Ligand code: NAD
């Protein structure tokens, strides 16, 4: 296969904070450096928001909510802005995808085909909701001589504080911002320090789409400084966090003191249940993709492959084949099927887990090492093991599959549910009755039957247990960004 490397000309957005429509430096001139993980070279220096900056950003968002033009805008006008935003995101797809490839090593063509259109779709979907945020009416029984009537109204929840991870920056920003803006909220978003440029670019596109200044404010910065300041800020009404279980726990406890709403989208250690009657020709590409797509840096990755004992060898063969045929390299090369790991720390963590797997007696069947070249690249790795191994219990966030065999459906369900996480599960079978019965018993937020992919904005997304609290997207996403008020009227 020939590999063509096309690095499109792309524009770096202003690497500053964006508050009230202005590009500004951080308090006391604080900055951090962003590196390209494929080359280990500096991409740019980004302003690092301080607590004082977060105060300013929250005040700007609050001002728009309380009397600013945004607060008086009709739902249909908000919808028009979001529709324009969807179109501008699509037109800017190459730019946005290039920023993500440069900053965090994701394949350029995967972003162009996947994340960016999906982000645009989220804006388009929620544009349609903006003038359909309604309450309910209830004809109440009379109260003595008084006739009564009751209804509810849904009002914007207020100022949203959004904190996002580096692995799908624009997409996850879209999942948080599109429903919030459709509902009439304002927002302050803190993107991850490893990949904030595409979110800054998204801010420019939303402004071009007509979003009034101050409705969306962007405060790039370090998690422990800017993130903690936003999560603990008394001026926000909701914190919506996507990231690790470790930080999610801190956010939850900070919110406990303030009674604000919290949505947590955390990690996963998701099972892929492959039954004896699965059509493996159809299933194997999905099973492999569930482990190796985006170098395994996907919350929904299916890194515990539970296969029936009669077909486990075939599943292993398919995964080894996928691992050995992966084209690991330049995220801009058309032939690459896997790009770089986001940074050196994450690469070391993946290699450490691979060592733990070996030390605990898992059988290494493919991969297992760093790719010998500059940049942070790791081989897709396949282990045969059991559900009690560390590599089968903890989220590695790298391309490391553990294949575990089961004897019958009960054991498969038991193994699938034996985890602290509960984000999603994949079920492969040709028997629809089995698919439905198994689906009912899995303790997860989402089940994919005979496939895997990007959550659709029309359907809710979220986890259970260690994978989080609350739902984003779909009607649930709108409900999560509005407050319902009950009105009783005596006539
Ligand atoms: P992370 O938890 O390290 O960081 C996430 C965000 O939190 C970043 O913006 C970071 O700067 C910020 N942060 C860090 N410390 C903070 C603190 N003390 N207070 C407030 N904010 C703080 O996660 P990551 O490494 O960026 O992302 C990977 C994780 O995200 C994985 O666990 C993955 O499964 C999860 N994830 C979940 C979903 C989902 O939809 N459930 C989607 C994508 C990623």
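The numbers here are math on the coordinates, done by the rules we state, and not lab data. Keep in mind the model is a prediction, meaning the values are calculated, not measured. Quick reminder, even Gly has a Cβ in these numbers, built from the backbone with ideal geometry, and neighbours come from all protein chains shown.
Brief remarks on what is shown
- Segment 293-365 versus segment 143-165: alpha-carbon centroid distance in Å: 46 Å
- For the chain, the longest principal axis of the alpha carbon atoms and the long axis of helix 75-91 meet at an angle near 30°.
- The eigenvalues of the Cα gyration tensor, multiplied by 5 and square-rooted, give segment 134-192 an equivalent ellipsoid with semi-axes of 41, 10, 8 Å from largest to smallest.
- Degrees separating the helix 197-208 axis from the principal Cα axis of the chain, which is the longest one: 30 degrees
- Residue order, fewest to most surrounding Cβ atoms within 10 angstrom, among 100, 360, 33: 33, 360, 100
- Dimensions of segment 47-98 along the principal axes, based on C-alpha atoms and rounded to the nearest Å, stand at 34, 34, 9, largest first.
- In segment 80-163, the alpha-carbon atoms span a convex hull of 137 Å³ per residue.
- Share antiparallel - DSSP beta bridges, segment 80-204, percent rounded to 5: 45 percent
- Debye intensity ratio I(q)/I(0), log10, segment 1-159, q values 0.10, 0.12, 0.14, 0.21 Å⁻¹ (C-alpha model): -0.59, -0.79, -0.98, -1.32
- For the chain, alpha-carbon Rg over 2.2 N^0.38 Å: 1.01
- Sequence of 76, 334 once ranked by neighbouring C-beta atoms within 10 Å, starting from the fewest: 76, 334
- DSSP-defined beta bridges in the chain - what % are antiparallel, rounded to 5: 45 percent
- 10 Å-binned pair-distance histogram of segment 12-86 (Cα, whole percent): 17, 31, 30, 18, 4
- Over segment 177-331, volume per residue of the alpha carbon convex hull, in Å³: 171 Å³
- Convex hull volume per residue in cubic angstrom - Cα atoms of segment 222-310: 122 Å³
- Length-normalised contact order of segment 446-491 in % [C-alpha pairs under 8 Å, at least 6 apart]: 26 percent
- Listed from fewest to most Cβ neighbours within 10 Å, the set 198, 38 follows the order 38, 198.
- For segment 27-67, the fraction of alpha-carbon pairs in successive 5 Å shells from zero, as %: 6, 20, 16, 14, 13, 12, 9, 6, 2, 1
- Distribution of pairwise C-alpha distances over segment 294-362, 10 Å bins, in %: 16, 39, 38, 8, 0
- Radius of gyration, Dmax [segment 181-250; alpha carbons; angstrom]: 12.7, 37
- Globularity ratio of segment 309-407, using Cα Rg and 2.2 N^0.38 Å: 1.09
- Rg/Rg_ref, segment 337-491, where Rg_ref = 2.2 N^0.38 Å and atoms are Cα: 1.34
- Share of Cα-Cα pairs in segment 328-367 lying beyond 14 Å, as whole percent: 61 percent
- C-alpha long axis of helix 245-256 to longest principal axis of the chain, angle in °: 20 degrees
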